[in-house]
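First comes the structure, then the notes that go with it.
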Amino acid sequence: MTGWPPEFARRYRERGYWQGRTLGSLLRESARRTPSATALVDRDRRWSYRELDRDADRIAAGLRACGLRPGDRILVHLPNVAEFVLLLFGCFRAGIVPVLALPAHRESELTHLAAASGSVAFVTDRAGLLDLPLVFVVGDDPGPHRGFADLLSEVDDEVDEADPSDVAVLLLSGGTTGLPKLIPRTHDDYSYNLRASAEVAGLDATTVYLVALPAAHNFPLACPGLLGTLWAGGTVVLATSADPETAFPLIAQERVTTVALVPPLVLVWLDAVPSLAPDLSSLRLVQAGGARLKQEAARRVRPELGAALQQVYGMAEGLLNFTRLDDPDDLVTGTQGIPLSEDDEVLLVGPDGSPVPAGAPGELLVRGPYTLRGYFGAPDENRRAFTPEGFYRSGDLVRRLPTGHLVVEGRCKDVINRGGDKVPVEEVENLLLTHPDVRDVAIVGYPDQLLGERTCAFVLAPGEPPGRADLVAHLRRIGVAAFKLPDRVRVLGDFPRTGLGKVDKAALAMLAAGGNSGV
Ligand code: OOB
């Protein structure tokens with residue numbers, strides 16, 4: 001595993017970013033301060049801090065009783081249910097490393113993640129997608145597997161087996177090409193990430209945070225997300241869906257103050273206000289991130305949702321940028337914020353790797369106290385994804401204003417950002433190539449009002465051209481996340497090529513943008 005060089009680790013400790021505390025201990029401290037305050041709400045189930053703290057110990061003991069040992073990995077594939085939170089803290093305290101798959105992931109992604117992480121156990125709400133030596137199912141019908149409740153052991157002792165400098169969790173990359181890569185986050189770095197985020201988002205014990213995005217994603221998990229809220233002593237409310245029909249009544253009932261959304265959801269929420277006439281009077285802060293939020297949409301947030309907007313430009317690999325709560329409106333609506341930490345070293349470089357002139361767009365490279373130094377078990381990828389000095393190459397094209405605020409201009413890596421869902425182009429192209437009628441395929445993005453971009457697959461087919469329905473059915477049979485299914489399919493005789501004979505993706509992008517619906 002590639003960690004921080006000792007001189008950096010020393011600096012990050014000296015400056016107080018890394019405090020030598022585990023994620024499990026953050027919950028313990030909140031539980032000591034306000035044991036009877038409400039920590040977690042999942043539909044009609046509620047946990048006080050005392051109860052959540054205790055259940056975390058019981059799960060930690062349960063995991064150990066199943067034979068799991070510190071350092072073992074567990075693949076977690078759960079929707080926004082309380083068991084996700086209990087399991088996470090159980091793992092943190094047992095020193096077991098959860099690998100956080102997204103609910104949208106299917107057989108193909110789960111199989112890859114289990115293998116890449118060496119997971120020995122799988123916790124899911126839907127049996128049958130993956131077989132590992134130990135499978136725990138959340139829900140009424142575990143089938144041949146164990147039920148989640150089996151993990152709740154009886155214990156009297158407080159458990160915390162983890163070392164603060166150990167890996168606490170493996171997150172998934174959204175910003176890189178190919179299959180998802182595993183991002184090791186240590187107790188020290190992730191604690192700093194969520195504490196500092198909680199501060200810039202103004203969280204405190206009166207915060208009621210709605211988890212509307214999938215809890216397994218870094219943004220609603222720790223930027224500041226549910227973990228930041230539990231550190232601040234607030235209340236976490238889980239939503240089963242981010243639709244206005246589900247989220248608006250929850251906001252009214254639970255008096256939600258804070259929520260994180262991706263830009264398409266911001267638009268859907270804005271447009272639903274007139275017809276649903278919700279009571280959003282408790283809402284103070286809407287964070288928007290994951291993809292670029294258009295300025296017109298950004299300007300509507302305060303007048304129409306009655307809450308302040310905070311733009312968040314982040315990545316599971318680490319670096320987070322936030323607009324600040326006291327920034328002037330034009331910076332809040334027109335930029336993606338400034339780095340969270342004084343020690344985030346952000347460089348904007350041109351194709352030759354040297355810094356671009358002030359104000360010009362360049363690829364963002366970053367190094368810092370909560371940005372990884374290497375993916376888990378991926379030495380070849382690490383040589384490409386990091387500079388020799390340890391900077392992570394984000395693949396984002398970014399420019400910096402004189403105020404220090406960053407504006408995301410686009411990507412220089414082959415990932416299509418479908419409203420916050422990152423479509424790894426190469427992975428989906430490779431899956432489509434397994435269709436018997438597909439000789440070659442190239443996927444590009446095209447602009448879309450709601451999602452920012454959608455995907456178009458250009459296909460070369462020697463025989464009977466496959467339709468979109470065929471290709472989608474094929475991908476579904478393999479089992480891939482629905483957001484990766486191509487929105488359009490077009491069959492070509494050959495690809496446009498560059499002077500070097502490479503597929504000319506820029507020309508394809510023009511074709512895709514001009515085209516109407518797929519074959
Ligand atoms: C967040 O994390 P990931 O890992 O799913 O995706 C990271 C990529 C970034 O490299 C960038 O390309 C894009 O998503 N992105 C944005 C953005 N926020 C993320 N592009 C434009 N504007 C934004 N505000 O997406 C993520 C992680 C933590 C907090 C927020 C988002």
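Nothing in this text is a laboratory measurement; each read-out follows from the coordinates by a stated rule. Note that the coordinates shown come from a computational prediction; the quantities given were computed from them, not determined experimentally. Note: ideal-geometry Cβ built from the backbone for every residue, glycine included; neighbour counts use all protein chains shown.
Some observations on this one:
- Cα gyration tensor, the range 1-139 - rounded (a/c under 1.5), prolate or oblate: oblate
- With Cα atoms defining each centre, the range 376-410 and the range 59-135 are spaced 29 Å apart in the structure.
- Computed helical MRE - 222 nm, the chain, DSSP H runs ≥ 4 contributing -39500 (n - 2.57), nearest 500: -9500 deg cm²/dmol
- Calculated FRET value between residue 430 and residue 166, using beta carbons and R₀ = 25 Å, to 0.05: 0.15
- Based on Cα contacts under 8 Å between residues 6+ apart, the range 413-512 shows a relative contact order of 26 percent.
- Gyration tensor (alpha-carbon) shape descriptor, the range 44-95, a/c threshold 1.5: oblate
- Each Cα pair under 8 Å and six or more residues apart adds its separation to the average, and for the chain the resulting relative contact order is 12 percent.
- Degrees separating the helix 244-254 axis from the principal Cα axis of the chain, which is the longest one: 20 degrees
- Highest-first arrangement of 208-216, 29-37, 337-345, where packing means the average Cβ count within 10 Å: 208-216, 337-345, 29-37
- DSSP beta bridge pairing in the chain, given as percent antiparallel to the nearest 5: 55 percent
- Cα gyration tensor category, rounded, prolate or oblate, for the range 288-357 with a/c compared to 1.5: prolate
- A viscosity of 1.567 mPa s and a temperature of 4 °C, combined with the Kirkwood radius over Cα pairs in Stokes-Einstein, give a translational diffusion coefficient for the chain of 55 µm²/s.
- Projecting the Cα atoms of 227, 298, 80 onto the charge dipole of the chain, computed from C-beta unit charges around the Cα centre, puts 298 farthest toward the positive end.
- Set of the range 145-186 residues, backbone N closer than 19 Å to the point 7 Å along the Cα-Cβ line of residue 50: 154-159
- Contact order, relative form, for the range 288-371: 23 percent (alpha carbon pairs under 8 Å, 6 or more residues apart, mean separation divided by residue count).
- Cross-link reach is defined here as a Cα-Cα straight distance under 28 Å, omitting same-chain residues fewer than 8 places apart; for residue 181 the lysines meeting it are 413, 422, 484, 502, 505.
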